[in-house]
Amino acid sequence: MTHKLRVAAFAGAIAMASASATGAEPSGHDAHAWSYEGTTDPSHWGELAPDFFQCGTGKRQSPLDIDGATPAHLAALTFRYRPTRAKVANTGHTIEVRPTSDETLVTSAGSYRLAQFHFHTPSETRFHGKAYPLSAHFVHQDNQGRVVAVVAVMFRMGKPNPQLATLFRTLPRPGAQPVPIPGRLNIAGLLPTSQNYYTFPGSLTTPPCTEDVQWYVMKQPLTVSPQQLAAFRTRYPMNARPVQPLDGREVLSGD
Ligand SMILES: [Zn+2]
């Protein structure tokens, strides 16, 4: 694949080669290539494909800088995450973990299936302008397969997280088949003990930036060790979309 692209570059297809170098889609759909740096960076996502339009013109985009949230009594979230078999995929943009069983999140709005979770460095969500070094996004779908709820968990620098150790050890190459994790993964070990959260309406933070996604940002951070963060950053030095305008939205802060 890489060799072919290099040959193409020498033949004059410079744009194709640069898309490859910025970590674009491993599937080879260059028309939909996007990245975090260079000519297909987040400021261009909305122009890269017709179905990416919300990245450019959406009014409820994520991530947000949480600053000035409104205190509220929020319903508790119920995580029905059991130790499960899962596969790890390297999407070319992040490490994505897909459980092979039905794990669910119950909110006041309904019950949703955990489709996958993945990581960003630095955390995309900011707090008074400040980011954490790493975040995990737990992506939940309704029974029509639409992404409707994302739970974000922050990681600050500290002790190693045992679940991250398992995940960052099992890392397929971009575009390779997803790799099964040995044994069962304790997904609940990637959730904080305190369930206080912020919530607001938003979008996917990667193309196509689809809206109508409710965000739940957990307040209590977990820890990641410097070695674990370095392992992730070896593959993905930076995979965070910049914060987006609030556009009149209200962020609610639970207690
Ligand atoms: Zn994400």
For residues that are assigned to a loop (DSSP other than H, G, I, E, B) and closer than 30 Å to D41 by Cβ, tally how many sit in region 57-77.
10
Can you confirm whether G92 is within 16 Å of the ligand (Cβ to nearest atom) and at pLDDT below 95?
yes
Failed item, numbered, when T166 is tested on (1) of a type in the set (S, T, Y); (2) in contact (Cβ under 8 Å) with a residue 24 or more places away in the chain; (3) buried (at least 18 other Cβ atoms within 10 Å of the Cβ):
(2)
Which residue pairs have Cβ atoms closer than 7 Å, lie 6 or more positions apart in sequence or on different chains, and pair a first residue in region 199-217 that is free of Cβ contacts under 8 Å to residues at least 60 places away in the same chain with a second residue that is β-branched (V, I, T) and within 14 Å of the ligand (Cβ to nearest atom)?
none
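When you look at N186, is it among the polar types (S, T, N, Q), in contact with a helix residue (DSSP H, G or I) (Cβ under 7 Å, 6 or more places away or on another chain) and more than 16 Å from the ligand (Cβ to nearest atom), yes or no?
Values: among the polar types (S, T, N, Q): yes; in contact with a helix residue (DSSP H, G or I) (Cβ under 7 Å, 6 or more places away or on another chain): yes; more than 16 Å from the ligand (Cβ to nearest atom): yes.
Judged against the criteria, N186 is a match.
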Quick one: would you say I187 is surrounded by 16 or more Cβ atoms within 10 Å (Cβ to Cβ), among the aliphatic types (A, V, I, L, M) and at pLDDT below 95?
no
Hits in region 196-255 (condition: within 16 Å of the ligand (Cβ to nearest atom), modelled with pLDDT under 95 and touching a His at 6+ places or on another chain (Cβ under 8 Å)):
Y236
Taking the condition of being away from the ligand (no atom under 15 Å from the Cβ), under 18 Å from W215 (Cα atoms) and surrounded by 15 or more Cβ atoms within 10 Å (Cβ to Cβ), how many residues in region 124-163 meet it?
1
Give the residues of region 183-200 that are out of contact with any strand residue (DSSP E or B) (no Cβ under 6 Å at 6 or more places or on another chain) and either of a type in the set (S, T, Y) or more than 19 Å from R113 (Cβ to Cβ) (or both), sorted by residue number.
G183, G189, T193, S194, Q195, N196
May I ask you to say which residue of T104, T84, T121 is touching a residue at least 24 places away in the same chain (Cβ under 8 Å) and within 16 Å of the ligand (Cβ to nearest atom)?
T121
Taking region 47-61 as the search range and keeping residues that are within 10 Å of H32 (Cα to Cα) and touching a Phe, Trp or Tyr at 6+ places or on another chain (Cβ under 6 Å), which one is surrounded by the fewest Cβ atoms within 10 Å (Cβ to Cβ)?
F52
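The values are calculated or read from the model by the stated rules, or taken from the named source; none is laboratory data. These numbers were taken from a predicted model, which means no experiment stands behind them. A quick note on method: Cβ atoms are made from the backbone with ideal geometry, for glycine too, and the neighbour counts reach across all protein chains shown.
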